[in-house]
1. Which pairs do you get when a residue that is closer than 17 Å to Phe108 by Cα and outside any loop (DSSP other than H, G, I, E, B), found in region 352-365, comes within reach of a residue that is open to solvent by less than 20 Å² (accessible area, probe 1.4 Å) and at pLDDT 95 or above, reach meaning Cβ atoms under 6 angstrom, with the pair 6+ apart or on two chains?
2. Of everything in region 21-68 that's part of a loop (DSSP other than H, G, I, E, B) and modelled with pLDDT of 95 or more, which residue is surrounded by the fewest Cβ atoms within 10 Å (Cβ to Cβ)?
3. Among what's in region 85-101 and is modelled with pLDDT of 95 or more and either polar (S, T, N, Q) or farther than 20 Å from Ser264 by Cα (or both), pick the residue that is most open to solvent (accessible area, probe 1.4 Å).
4. Only residues that are part of a strand (DSSP E or B) and without any contact (Cβ under 8 Å) to a residue 24 or more places away in the chain: list them for region 134-189, please.
5. Restricting to region 333-348, give me the number of residues that are polar (S, T, N, Q), open to solvent by 10 Å² or more (accessible area, probe 1.4 Å) and assigned to a loop (DSSP other than H, G, I, E, B).
6. For region 66-91, what are the residues that are in contact with a Ser or Thr (Cβ under 6 Å, 6 or more places away or on another chain), within 30 Å of Gly53 (Cα to Cα) and not β-branched (Val, Ile, Thr)?
7. Considering only region 170-202, how many residues are hydrophobic (A, V, I, L, M, F, W, C) and open to solvent by 80 Å² or more (accessible area, probe 1.4 Å)?
Amino acid sequence: MVLQWSTDDLVDLTGVGDAVEVLDRKIEGGPGARLRDLRTRGADFRREFAATGMPQRVDTCDLVTLPYPTRFGLFRASRAIAPFLSITNRMLVIRWNDSDGRQRVLLFEPSDVKLGRNTPYFAELARRTPAPIIKRMVVEHGTVLDHLAHLRITPDEVDYIVFDHLHTQDLRRWVGTTAYQPDLSEQPDAVFPNAKVIVQRDELTAMSDLHPLQTPWYQTDTYRDVPVDAFAPIDGSVVLGPGVAVIKTPGHVFGNQSLALNTSTGIWVSSENVIAAECLTPEHSGLPGLARWSASWQQEVVLNANTIETTADQYNSIVLEKSIVDRSQTDSRYLQFFPSSELTPMWTNPGTKPTFSHHAITHQS
């Protein structure tokens, strides 16, 4: 057990949002039966979700562009010669009013980029890569706090912090710690003192006793002194406000979750289950290998698979995401799925230029 508190301590902290019964009812049968059932449930949720309304505003903030193995991001499908592609991590800032008029602010994927570099996999990759190459391939666009200042949001106004999963994330500066941190040379106070981290209980349970396949991607030691009341654990899918929901999408990790938004252009879903919108409709992809692989193996999606905890579940979760979103108003061949880490063209990575990119979700009601 890495944490000083047990996940049992989280039981009394539930109650965030309204449960989505249509998605959380138990599905009988194997992964094939679950796949068929999720298509229907996704369509049912889509109708219910559209009726909840819309948030006031959605803003997209670029954080960092960094290299990522092609074999992970375009699982088995890519014929690109480049061993690495580039992805851009982005933060979404969502604002809405509760029924009592209180404004809420949610940050989706507010990664602490500086501390994220210590993730075992990326730290080892950096150790083996010459500094001049890293300088060319890693581009920092802006920090979480700089973006919030630009949007005129103060840290104490943030109510919720949500990640699709906690790979690479170090939350100590965001939520504070209960003890001195030698590597930070301080005991940090919470930058976001009023924020709760919405996370699936399944992921916290897994983090308390990692499997060797999981260890390269988590910074579990950084959670040792994080206060228990920083978390708002959920067990499934919840609607948080008008047009804002967190949907349980297991597979990439056991406790994976996705953000759903109802906007002026229709319904969007964001997660890291895939790294490009065309991975949900690979038959329309111009990336080398994707369309052919999809047709040959009758695979309708191309997973982001740096970990393969439960691959069939991840596939099913992506199909659920497909069943919820609208088609892009820019090009109807592609869906309004917004990768939280989106494939980004880079001259150093031949064969990995996306056919289509969203770049941002922008909405104001």
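The values are calculated or read from the model by the stated rules, or taken from the named source; none is laboratory data. Since this is a predicted model, take the numbers as computed values, not measurements. Every residue, glycine among them, receives a Cβ derived from its backbone with ideal geometry; neighbour counts consider all protein chains shown. These area figures cover heavy atoms from the full protein model, side chains too; ligands, DNA and RNA do not enter into them. Shrake-Rupley method; radii C 1.70, N 1.55, O 1.52, S 1.80 Å.
1. Note: pairs meeting the criteria are His363/Val58; His363/Thr263.
2. The first filter runs over region 21-68 and keeps only residues part of a loop (DSSP other than H, G, I, E, B), leaving 25-30, 51-56.
Right, trim to modelled with pLDDT of 95 or more and you get 51-56.
Working: Ala51: 9, Thr52: 17, Gly53: 14, Met54: 19, Pro55: 23, Gln56: 16.
Residue satisfying both the conditions and the ranking: Ala51.
3. Filtering region 85-101 for residues modelled with pLDDT of 95 or more gives 85-97.
Going one step further and asking which of them are either polar (S, T, N, Q) or farther than 20 Å from Ser264 by Cα (or both), we end up with 85-90, 97.
Working: Leu85: 0, Ser86: 0, Ile87: 10, Thr88: 3, Asn89: 33, Arg90: 17, Asn97: 60 Å².
Of everything passing the filter in region 85-101, Asn97 is most open to solvent (accessible area, probe 1.4 Å).
4. The initial filter retains those residues of region 134-189 that are part of a strand (DSSP E or B), namely 139-140, 160-162, 181, 186.
Of everything in region 134-189, just one residue is part of a strand (DSSP E or B) and without any contact (Cβ under 8 Å) to a residue 24 or more places away in the chain, namely Glu186.
5. First, pick out the residues of region 333-348 that are polar (S, T, N, Q): 336, 340-341, 344, 348.
Add one more test, that the residue is open to solvent by 10 Å² or more (accessible area, probe 1.4 Å), and what stays is 344, 348.
Checking the rest, the ones that are also assigned to a loop (DSSP other than H, G, I, E, B) come to 348.
The qualifying residues number 1.
6. Asn89, Arg90
7. As a first pass, look at region 170-202 and keep what is hydrophobic (A, V, I, L, M, F, W, C): 171, 174-175, 179, 184, 190-192, 195, 197-199.
Checking which are open to solvent by 80 Å² or more (accessible area, probe 1.4 Å) leaves us with none.
Residues meeting the conditions: 0.
To keep it simple, each residue is scored yes or no on (1) open to solvent by 20 Å² or more (accessible area, probe 1.4 Å); (2) part of a helix (DSSP H, G or I).
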{"residue": "Thr222", "(1), (2)": "no, yes"}
{"residue": "Val239", "(1), (2)": "yes, no"}
{"residue": "Ala245", "(1), (2)": "no, no"}
{"residue": "Leu261", "(1), (2)": "no, no"}
{"residue": "Arg292", "(1), (2)": "yes, yes"}
{"residue": "Ser296", "(1), (2)": "yes, yes"}
